[in-house]
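The values are calculated or read from the model by the stated rules, or taken from the named source; none is laboratory data. Here the structure is a predicted model, which means the values were calculated and not measured. All Cβ positions, even for glycine, are placed from backbone atoms using ideal geometry, and neighbour counts span all protein chains on display. The protein model used for the area step is the full one, side chains on, heavy atoms only, and it has no ligands, DNA or RNA in it. Shrake-Rupley method; radii C 1.70, N 1.55, O 1.52, S 1.80 Å.
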Amino acid sequence: MGSKGAARRSARRSADGQGARSQRARLVLLVAAVAVGLLAIFGRCAHLQIIRAPELLDQARSQQEKTITLDPLRGPIVDRNGKELAVSLDVDSVFAEPAEVDDAATAARRLAPLAGVPATELRERLSSDRHFVWIKRKVTPDLRRRIEALKIRGIGFVRESRRYYPKRALAAHLIGACGMDNRGLDGLEFMYDSAIRGTPGRMVALQDGRGGRVLDREQKEPAPGFGLQLNVDEVIQYSVERALDDVMTETRADGATVVVLRPQTGEVLALASRPVFDPNAYADAHEGTRRDRATTDYYEPGSTFKVVTAAAALDAGRVHPNEVIWCENGSIVVARHRFKEDRLPYGNLTLTEVLAKSSNVGAIKVAQRLRPEEFIDYIRGFGFGRKTGIDLPGESPGILRDVSAWSGLSQASMAMGQEIGVTTLQLAAMVGAIANDGVWIRPRVVQALLPAQGSRAPVRFDPRPAQADVGGDTSTDGTGGTDGTANSADRDGGAAAAPESRRVISAQTARALRSMLQMVTIEGTGKAASVPGYTVGGKTGTAQKVDASGRYARGRYVSWFAGFVPANQPALAIVVMVDEPKGPKFHGGDVAAPAFSRIAQQTLTYLKVRPDHEDPLVFDRSLLASSGSDGGDREGDDSRGGDLLPAVRRARGRGIGAVAVAAVHRSGRRGAIGDSGGSDAVHASLGDLTLAPRPSGMAPAMPELVGLSIRQASETLAAAGIVCRSDKRGDKVTRQEPGPGTPVTMATPCAVIY
């Protein structure tokens, strides 16, 4: 019994030990499981709060916060006198919060007619899972009221900035335009976008589970951009554009451009192109109307390039202004190709007459005296073959081949303006260099950057004319930059900008050339460019266009006039280009020169430039113009009225303010007066002059001229002692300015329209 009891006790102790071990094992497993679970939890927490924290924070913010970008006000663009050309206005934009819209289909159907968006497209926007969608941006106040009256839940309004151009199409190619996102798309708006755009603001708001805004959490106000003050004058720009519109109407041309510069500073007072667009409706404008033809389109310059030929030969000492050049009676053979005159054959002509009569043969023979490398150096010095560096985008460098690519005909062709492509701006800069005593100045549109508050601020580029690099070296390459905001080379990564300034020809050469170019408007092909009371220098040009086959196309021409006024002390350099004028008149002297005269006269009057020439014959100078095809048109031929000059001197010598009165006699030839291609010769001889003294201090009254013939009107004006500009489109006077009886002084604008 004892042994059995001991065995049982031993068995119980063994069972108890096994149970305790099992219990300890289960406890260890439990603790391990809890530890693993805690580690997993800690690991997950670490993963979420440390590794994925930025990602989850962004997700939370996107769900809880709504960020609205606040557009800054773009800086204004004003002309040189502070007149606004581009401004920014606060307008309303319509948006929707799709989560708040009860019935997307119904809301879309009601909004579609007002928003101008198809109902299907609006329904897709209003049914999206986005928190914010645009319905229509930058609407008018009236449209806002009409949409507001619909009382559609989930539709709201936010204030945005909209660019507005109060002068509509005026200076459109200069200013450019902005897109719906308030970024510049063209012109100065694009070129200086980073400066005038400003810095956007931001508003952060908390939203509820349905996307509704419940609390504005943070707001950063937008910073307005800099303004731009231009060198352009609104009044001159308007005058130029009106003249361009007249040319386009009269000639039915494909296009036209004008550039007006101050030669001494390079300031662009006006730059215009046709056709034109309204920047307020930029998206609706045809691509062809948006193009700034004055800086992007290049053409052969025709006879205007003879100015460069003459300048190079004069400056190199290869020719003299009065040197007689044998013009081969109208044709010359170069490299087995015969070059002919455009109009009449000429024999002996001085260099001055070569320019005045626009002799091709004379220009070729002058160019032959220069080495090709010498000739192209002068061409490049005048800025051809590279961009001027004007602060406008998309400028073209034109076409100028290196000497190594020239053929045997190239130098002769280029002497008269072929085998080279130039822009209107490049030609204006060249004319400006001659007007500026041989110093080329880089054209500038922008005068200054203006801070947001409107007071003038120091600019990051020097708006004054550069004085460096005006020595004899024409190859020095300056930076011409402004700052990172608007580099002088355009932003499309084109060729490097030209230097700020450089001397191309000597001052003596430039002055001699200016004197020679006056004869173009006195007795040459540019008589129609003359301006009463002012000396005018310039050159006509007529270039034939090239067709798709590379040959010159019949009946397709580009008409040019490039000049400066007053010729002795130039205040303006003006270039007019008319692309493919239609009708019987297409020469530069018939198409572009009259536009130059109108622009120059109005601009000089506006700028109060004192007249530098007293014309004793008070009727229009073009009445004294003999036929451009008449051999008697040469220098020294007195059939045009050379005998008037002694009478003029005698009249001035009397000191009585006498008025020269001329009886005008017509020759037997037919043609339009003032037409260089076949005008009536109008002669005034000394025997026909009488002197009509007028009491000093009395202004004559404008006579009644409507209905009179050209001759009758001219004699009536002469008798009254009145200088008037004439615009001859017919045989009789149809309109006059000012009206009959109005006192007319030297400062009174006077015009007679036939």
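Going by accessible surface with a 1.4 Å probe and the largest first, ILE399, ILE68 read ILE399, ILE68. Extension gain, VAL31 to ARG371: 0.36 nm times the residue separation minus the Cα-Cα distance gives 112.1 nm.
Average accessible surface for segment 262-325: 34 Å² per residue, computed with a 1.4 Å probe over protein heavy atoms with every protein chain in place.
Using the structure shown, list the pairs from LYS167/LYS527; LYS83/LYS136; LYS167/LYS582; LYS585/LYS732; LYS357/LYS387 with a Cα-Cα distance above 23 Å, or answer none. Over 23 Å apart, Cα to Cα: LYS167/LYS527; LYS83/LYS136; LYS167/LYS582; LYS357/LYS387. Using only side-chain charges placed at the Cβ, +1 for Lys and Arg and -1 for Asp and Glu, the dipole size of segment 143-204 relative to its Cα centre rounds to 500 debye. The 3J(HN,Hα) values that the Karplus relation (6.51, -1.76, 1.60; θ = phi - 60°) gives for segment 351-361 are, in residue order, 4, 4, 6, 4, 6, 4, 8, 6, 7, 5, 4 Hz. Gly and Pro appear as x. Label-to-label distance, ARG556 versus ALA283, with points set 7 angstrom from Cα along the beta-carbon direction: 3.5 nm. Between the beta carbons of ARG610 and GLU221, assuming R0 = 60 Å, the FRET efficiency works out to 0.70 to the nearest 0.05. Be a star and scan segment 349-369 for residues whose amide nitrogen sits under 20 Å from the point 7 Å along the Cα-to-Cβ vector of HIS320. Residues passing the 20 Å test: 349-356, 362-363, 365-369.
Here the gap between ARG168 and ARG401, fully extended at 0.36 nm per residue and compared with their Cα-Cα distance, gives a gain of 79.9 nm. Ranking of VAL36, VAL354, VAL91 by solvent-accessible surface, largest first: VAL36, VAL91, VAL354 (1.4 Å probe, protein heavy atoms only, all chains present).
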